[in-house]
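Worksheet for the structure shown next.
The values are calculated or read from the model by the stated rules, or taken from the named source; none is laboratory data. Owing to the predicted nature of the structure, the values given are computational and were not obtained by experimental measurement. Cβ placement follows ideal geometry from the backbone for every residue including glycine, while neighbour counts extend to all protein chains displayed. Quick note on the areas: whole protein, heavy atoms, side chains included, nothing else; ligands and nucleic acids left out. Shrake-Rupley method; radii C 1.70, N 1.55, O 1.52, S 1.80 Å.
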Amino acid sequence: MTRPTASSASTSVTGDDSAYTDHFAREHLPPQALWPELRFDLPELHYPPRLNCVAELFDGALAGGAAGRVAVRGEQLSWTYAQLLEQIDRIAHVLRGPMGLEAGNRVLLRGANNPMMAACILAVLKAGCIAVPTMPLLRARELGAIAGKAEINAVLCADSLRAEMEAVDLPAAVRDRTLCFGGAGADGSLEALMAVQPSSYDAVDTAADDVCLISFTSGTTGIPKGTMHFHRDVMAICDCFPRSVLESQRSDTFIGTPPLAFTFGLGGLLLFPLRVGATAVLLEKLTPETLLKAIEQYRATVCFTAPTFYRQMAPLADKYDIGSLQKTVSAGEALPLATRESWRQATGLSMIDGIGATELLHIFISAAGEQIRPGATGKPVPGYQACILDHDGNPVGPGVIGRLAVKGPTGCRYLADERQRDYVLNGWNLTGDAYEMDADGYFYYRSRTDDMIISAGYNIAGPEVEDALLRHPAVAECGVIGRADEERGQIVEAHVVLKPGHEASPELTSQLQEFVKGQIAPYKYPRAIRFLTALPRTETGKLQRFKLRTE
Ligand code: 3UK
């Protein structure tokens, strides 16, 4: 078996013996010929062949003297590193004891962001099982599809989400292995079972390439895709973006909105803080106002959320004392320059934009501080490489729009999915984004590859028109799509949410159209404008363009 070294990249698994007796995950990995090339170009990415990421995270934090420091804060409680570890260990005992799970089994997880949900996810990994976290708003039918695809063996579910979980069509054996947490702690609850378990658990001795996480894409269309990640992938994301771009430290307090079931949130709000012995604030149901309030209350230093949240927080920021904030990270969709500027005006902070994907686990192109170039997402995060490919898969130079291609220590491995062939080309991960590079190697987002609008022979990127519209004082949010048109093939159609105090009217429509023409090439202006009260978005803050199209 080839082992990854600094000089030779390898697409091979480390090949160490799996610790699993249930081989579902390895048996459902795509054939290795269809994997992207994996690169371990930095010394810190050379993990030992036996690796349990949760043991590794806690060993590191405790060795750094974190035992008595606060690891997680929720609305109701805070746990130090020692206390969080004890919760994790008790849950791990429940999984492998009374629940009767074996190594390699899949555990579906449901819950909003809070310390207990975090402990459950980490316990599953520590116990040698595979976490399948699910977005809190999913309904029974969607959960059923995920449960079926991942052939889950057990469920840990927040009491508040119990009713929807009970409506899922599950095999009796899985139903019998469903535990709830965060309720009154009644007999049979996870907490009741934890209370009688030992307070310390020896991590299962997993291989670095044992699958520990199956994360389903928040995909805006089609059947959800399960992406499979190894123990070493979890460590790799902690040792890339947070180390070289974010430069997080143990004095940091992390806060933000993305669900732990979204890898943006799992990394930014749990794994990254644990890696440096910092504090994670985990709060449920945040709004722009309550997030600002929480930043003030918890003296947060690092914030992770989506562009739409920053856009809504900017005009409210002066009502709160958020002077503790040092770094703000935006991901999930393109950060319009207009939003970057209004955030800077409101807070004095330069936004750290970063593109990530569930397939790659976390952020792979980004920039912070002096490295930021307005309009660009940034440069490949050390450990990753990126280029732009044309239609035939050949690299193109600066100034040409093409398909973004990435490789690094993490990469796409779909769970039994034909679409693996679409995401990987010649060893590169193709994210489905149209990007352009400049001569200095900065990467500029243009649109999703399938969202490029072609009107009367011109290529028009919706996000550029959105950025122009967002600069108008009446516009709060907007989404631009191509609408089929007999004469032009497609026309640019804008969907606009107005700020309070502004009314939709034909005059405003013309005003907005003229306003756009004054900022970007006039042929890009929205020939049609529709006014809405809100834009359709996913739980992760992504605009659902297909919903605008079918309206
Ligand atoms: C889009 C962006 C422009 C892009 C994610 C950070 O979003 C995440 O994962 P998903 O699988 O979606 C991936 C797609 O979302 N996107 C994300 N960030 C940006 N487009 N600028 C950005 N900064 O289309 C990408 O292909 O839901 C983000 C960390 C972990 C993640 N999973």
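Laid out as a table, the results:
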{"read-out": "Label-point separation, Leu34 to Arg549 (7 Å along Cα→Cβ), nm", "value": "2.4"}
{"read-out": "In degrees, nearest ten, helix 53-63 long axis to first principal axis of the chain (Cα)", "value": "80"}
{"read-out": "Helical contribution to [θ] at 222 nm, DSSP H n ≥ 4, -39,500 (n - 2.57), averaged over the chain, rounded to 500", "value": "-7000 deg cm²/dmol"}
{"read-out": "Accessible area of the range 420-551 belonging to carbon and sulfur atoms, whole % at 1.4 Å probe", "value": "48"}
{"read-out": "Summed residue charge, Cβ within 12 Å of Gly408's Cβ, Lys/Arg positive, Asp/Glu negative", "value": "-3"}
{"read-out": "Local electrostatic count at Glu514 - Lys and Arg +1, Asp and Glu -1, tallied over other residues with Cβ under 15 Å", "value": "+3"}
{"read-out": "Table column - 3J(HN,Hα) (Hz), the range 467-472, Karplus curve with 6.51, -1.76, 1.60, x for Gly and Pro", "value": "4, 5, 5, 5, 7, 6"}
{"read-out": "Order by protection proxy (mean Cβ within 10 Å, highest first), peptides 347-357, 317-327, 534-544", "value": "347-357, 534-544, 317-327"}
{"read-out": "Neighbourhood charge, 11 Å Cβ-Cβ cut-off, centred on Pro398 and excluding it, Lys, Arg +1 and Asp, Glu -1", "value": "-3"}
{"read-out": "Approximate spin-label separation Glu296-Glu418, in nm, with each point projected 7 Å along Cα-to-Cβ", "value": "5.5"}
{"read-out": "Per DSSP, loop trypsin sites (Lys or Arg not before Pro) in the range 124-192 with at most 12 further Cβ within 10 Å", "value": "Arg139"}
{"read-out": "Loop-resident sites, the range 31-68, for GluC sites (Glu not before Pro), counting at most 15 other Cβ within 10 Å (DSSP)", "value": "none"}
{"read-out": "Per residue accessible area of the range 296-341, 1.4 Å probe, in Å²", "value": "37"}
{"read-out": "Semi-axes of the equivalent ellipsoid for the range 453-550, Cα gyration tensor, largest first, Å", "value": "20, 17, 12"}
{"read-out": "Rounded to whole Hz, the Karplus (6.51, -1.76, 1.60) HN-Hα couplings of the range 323-335, x for glycine and proline", "value": "x, 6, 5, 10, 10, 10, 10, 10, 7, x, 8, 4, 8"}
{"read-out": "Cα-Cα over 30 Å, subset of Lys407/Lys499; Lys149/Lys379; Lys225/Lys327; Lys407/Lys517; Lys379/Lys542", "value": "Lys407/Lys499; Lys149/Lys379; Lys225/Lys327; Lys407/Lys517"}
{"read-out": "Selected from Thr509, Ile453, Tyr523, residue furthest toward positive end of dipole (the range 453-550; charges at beta carbon)", "value": "Ile453"}
{"read-out": "Per-residue HN-Hα couplings for the range 261-277 [Karplus 6.51, -1.76, 1.60; θ = phi - 60°; Hz; x = Gly/Pro]", "value": "7, 9, 5, 4, x, 4, x, x, 10, 9, 5, 5, x, 4, 4, 10, x"}
{"read-out": "Additional length obtainable on full extension of the chain from Arg69 to Glu503, 0.36 nm per residue less Cα span", "value": "151.1 nm"}
{"read-out": "Separation in nanometres of the label points that stand 7 Å from Cα toward Cβ, at Arg50 and Asn426", "value": "4.2"}
{"read-out": "Reachable aspartates and glutamates, given that their alpha-carbon falls under 13 Å from the alpha-carbon of Lys524 and they are not under 8 places away in the same chain", "value": "Glu464, Glu466, Asp467, Glu493, Glu514"}
{"read-out": "Residues with amide H under 5 Å from that of Arg50, placed H, sequence gap 5 or more", "value": "Ala208"}
{"read-out": "At 0.890 mPa s and 25 °C, Stokes diffusion of the chain via Kirkwood alpha-carbon radius, µm² per second", "value": "102"}
{"read-out": "Per residue accessible area of the range 409-472, 1.4 Å probe, in Å²", "value": "38"}
{"read-out": "Calculated FRET efficiency for the pair Asp187/Val396, C-beta based, R₀ 56 Å, to 0.05", "value": "0.30"}
{"read-out": "Using a Förster distance of 51 Å, the FRET efficiency for Leu62-Asp318 (Cβ separation, nearest 0.05)", "value": "0.80"}
